[in-house]
Amino acid sequence: MEQKRSSFTGKLGFILAAAGSAVGLGNIWRFPYLAAQYGGGIFLLVYIILAVTFGFTLMMAEIAIGRKTGLSAIGAFKALNKKFAFLGYLAAIVPALILPYYSVIGGWVTKYLVSFTTGQGTNAATDGYFGEFIAEAGEPVIWFLIFIGITALVVLLGVEKGIEKVSKIMMPVLVLLTVFIAVYTLFMPGAIDGLIYYVKPDFSQFSFMTVLAALGQLFYSMSLAMGIMITYGSYMKKDVSIESSVRHIEIFDTGIAFFAGLMIIPAVFAFSGGSEENLTKGPSLMFETLPKVFDSMPAGDIIGAVFFLLVLFAALTSSISLMETVVSIVMDKLKWKRIPACLAVLGFSVALGVVTSLGNGVWSNIRVLGFVFLDFFDFITNSVIMPIVAIITCVLVGFIIKPKAVIEEVEIGGTKFKAKKLFSVMIKYIAPICIFAILVFSVLEALGVLKV
Ligand code: PFF
């Protein structure tokens, strides 16, 4: 492997790189539709509580493990304890399964970018446009291939740095544009009801599914329980504070998700009304709602085009880091060179991605556990494998290497680990027990044994 273990130049470099992986479609596309679906304010509240407790604990542990061992997930777990080597492989399955369907969504974003650029925005705002588009056999597959093709090209040529540089300029613009769109929609009639739904917790809407959905989203959005943060940690210099970096990433990632929700949920109320049917649209929510917002704006086609371009970059930095992770594992473990490893990962992702895309239309009658393919891959990674990886990571840190090992790593160079009490209790007891309970209920629910 080429000199991989170079370090980030400093705290800012680390935060930006980790945030680049964290901020993506998860924040802009996935968070708002889950928040809409699972009760608005109550979902937001549960999410924030989980982020500052579970999210904080796991991210601290993963980054510290990476920095302590100087290795990526597979090697790192093995170095900590031979019996836990399997955990690295389990974690590695996640990005391999996410990449294909992530790229299908990336394809939709690319299609919308082109639609708005070519003045088709009004068309995209009509009811039924999105549903018809994703149900087609050919077109979404082509956009998916374009998106994953760009991702693979960047990984093949090893020019991630270039993309990351561009995205570092684009990311803040995306945040500003999101805030602007959110403020714009809030002035529309009906939007205030959406704002209230989104920020005011309604405890009668609390259900077990709210917690499960929020937990899965937390892992997904913060790139946890899939080995990614371990790898990032392994590049981190010893004099950079892990704790304050984690706090920054958390605030950044959650902040962007929050504004994305603010941009989309009130718009649903303003344009279509806050009926249950409109709020439970799932993956299609962003694609059906935002074109209506742009269509109502002066120069909406241009604003829409800029918006989708920025989202495309956020999605690309994430898909690149997903593919890079899988490719580097194949290179390390099978001792393959970059090009064949990359082509193999591409081939696998294309096969799974095409199946996923067809699952929204011609194959929508084929269900796995009752899910169409896209929802199935989303469910199996976020609601099953990631919680399992998280629980075993907690057991490993809590009882085998002991929280002290992480605390010592965090406190290297005299930085104090402020929340170390919280960390120890969380990683030993609260996190594994709660995640286990959530996992069991979710599987029972998926199997139809339990109705929550
Ligand atoms: N955290 C990303 C998002 O929210 O879109 C998804 C992701 C990207 C996960 C890259 C993992 C990863 F390596």
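For segment 280-298, residues that are within 16 Å of A191 (Cβ to Cβ), surrounded by 23 or more Cβ atoms within 10 Å (Cβ to Cβ) and of a type in the set (A, V, I, L, M, F, W, C) total 4. Checking the structure you have, find out if any residue of segment 131-143 is part of a helix (DSSP H, G or I), within 14 Å of the ligand (Cβ to nearest atom) and within 25 Å of the chain's Cα centre (by Cα). The answer is no, given that none of the residues of segment 131-143 is part of a helix (DSSP H, G or I), within 14 Å of the ligand (Cβ to nearest atom) and within 25 Å of the chain's Cα centre (by Cα). Whether any residue in segment 313-324 is surrounded by fewer than 24 Cβ atoms within 10 Å (Cβ to Cβ), of a type in the set (A, V, I, L, M, F, W, C), in a helix (DSSP H, G or I) and more than 16 Å from the ligand (Cβ to nearest atom) is what I want to check. No: segment 313-324 contains no residue that is surrounded by fewer than 24 Cβ atoms within 10 Å (Cβ to Cβ), of a type in the set (A, V, I, L, M, F, W, C), in a helix (DSSP H, G or I) and more than 16 Å from the ligand (Cβ to nearest atom). Beta carbons closer than 8 Å, at least 6 apart along the sequence or on distinct chains, never pair a first residue in segment 177-200 that is farther than 21 Å from P298 by Cα with a second that is surrounded by fewer than 16 Cβ atoms within 10 Å (Cβ to Cβ) and modelled with pLDDT of 95 or more.
Name the residues in segment 53-78 that are surrounded by fewer than 23 Cβ atoms within 10 Å (Cβ to Cβ) and either of a type in the set (D, E, K, R) or not in a helix (DSSP H, G or I) (or both), would you? K68, G70, L71, K78, listed by residue number. Contact map, segment 83-97: residues that are without any contact (Cβ under 8 Å) to a residue 12 or more places away in the chain paired with residues that are away from the ligand (no atom under 11 Å from the Cβ), Cβ distance under 7 Å, separation 6+ or inter-chain. Pairs shown: A85/F77; A85/K78. The residue list G233, G194, G282, G261 contains one member that is touching a helix residue (DSSP H, G or I) at 6+ places or on another chain (Cβ under 8 Å), closer than 30 Å to F86 by Cα and small (G, A, S), which is G233. It is to be established whether one or more residues within segment 410-423 are without any contact (Cβ under 8 Å) to a residue 60 or more places away in the chain, over 23 Å from S221 (Cα atoms) and polar (S, T, N, Q). Checked against the condition, which is being without any contact (Cβ under 8 Å) to a residue 60 or more places away in the chain, over 23 Å from S221 (Cα atoms) and polar (S, T, N, Q), segment 410-423 yields no hits at all.
Please go through segment 166-211 and give me each residue that is closer than 30 Å to V443 by Cβ and outside any helix (DSSP H, G or I), ordered by number. The answer is P201, D202, F206, S207.
Against the conditions (1) at pLDDT 95 or above; (2) closer than 30 Å to V240 by Cβ; (3) within 14 Å of the ligand (Cβ to nearest atom), I65 satisfies every one except (3). Out of segment 301-320, which residues are closer than 14 Å to A22 by Cβ and of a type in the set (V, I, T)? Selection gives T317, I320. As for segment 190-208, it holds no residue that is aromatic (F, W, Y), within 16 Å of the ligand (Cβ to nearest atom) and at pLDDT 90 or above. Applying the selection to segment 79-135, what residues are among the aromatic types (F, W, Y) and crowded, with 21+ Cβ neighbours inside 10 Å? Those that are among the aromatic types (F, W, Y) and crowded, with 21+ Cβ neighbours inside 10 Å: Y101, Y102, W108, Y112, F116, F130.
Going by the conditions given, is G106 under 19 Å from T289 (Cβ atoms) and away from the ligand (no atom under 16 Å from the Cβ)? Answer is no for this residue. At least 1 residues being farther than 16 Å from A225 by Cβ and in contact with a helix residue (DSSP H, G or I) (Cβ under 7 Å, 6 or more places away or on another chain) is the threshold, and among the helices (runs of 4 or more DSSP H) wholly inside segment 379-439 those reaching it are 403-410, 420-425.
Residues checked against (1) small (G, A, S); (2) at pLDDT 95 or above:
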position: M1; (1), (2): no, no
position: S7; (1), (2): yes, no
position: A18; (1), (2): yes, no
position: R30; (1), (2): no, yes
position: L58; (1), (2): no, yes
position: A61; (1), (2): yes, yes
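Counting only residues that are surrounded by 15 or more Cβ atoms within 10 Å (Cβ to Cβ), more than 23 Å from V443 (Cβ to Cβ) and in contact (Cβ under 8 Å) with a residue 40 or more places away in the chain, segment 382-409 holds 5 of them. Of everything in segment 213-226 that is over 18 Å from P432 (Cβ atoms), among the small types (G, A, S) and within 11 Å of the ligand (Cβ to nearest atom), the residue that is surrounded by the fewest Cβ atoms within 10 Å (Cβ to Cβ) is S221. Could you please let me know if F14 is within 24 Å of T415 (Cβ to Cβ), surrounded by fewer than 24 Cβ atoms within 10 Å (Cβ to Cβ) and not polar (S, T, N, Q)? So F14 fails the test. Count of segment 229-255 residues, restricted to those that are crowded, with 24+ Cβ neighbours inside 10 Å, within 13 Å of the ligand (Cβ to nearest atom) and at pLDDT 90 or above, is 4.
The values are calculated or read from the model by the stated rules, or taken from the named source; none is laboratory data. Values in this document were obtained by computation on a predicted structure and should not be read as measured data. Note that we place each Cβ from the backbone using ideal geometry, even for glycine, and neighbour counts take in every protein chain shown.
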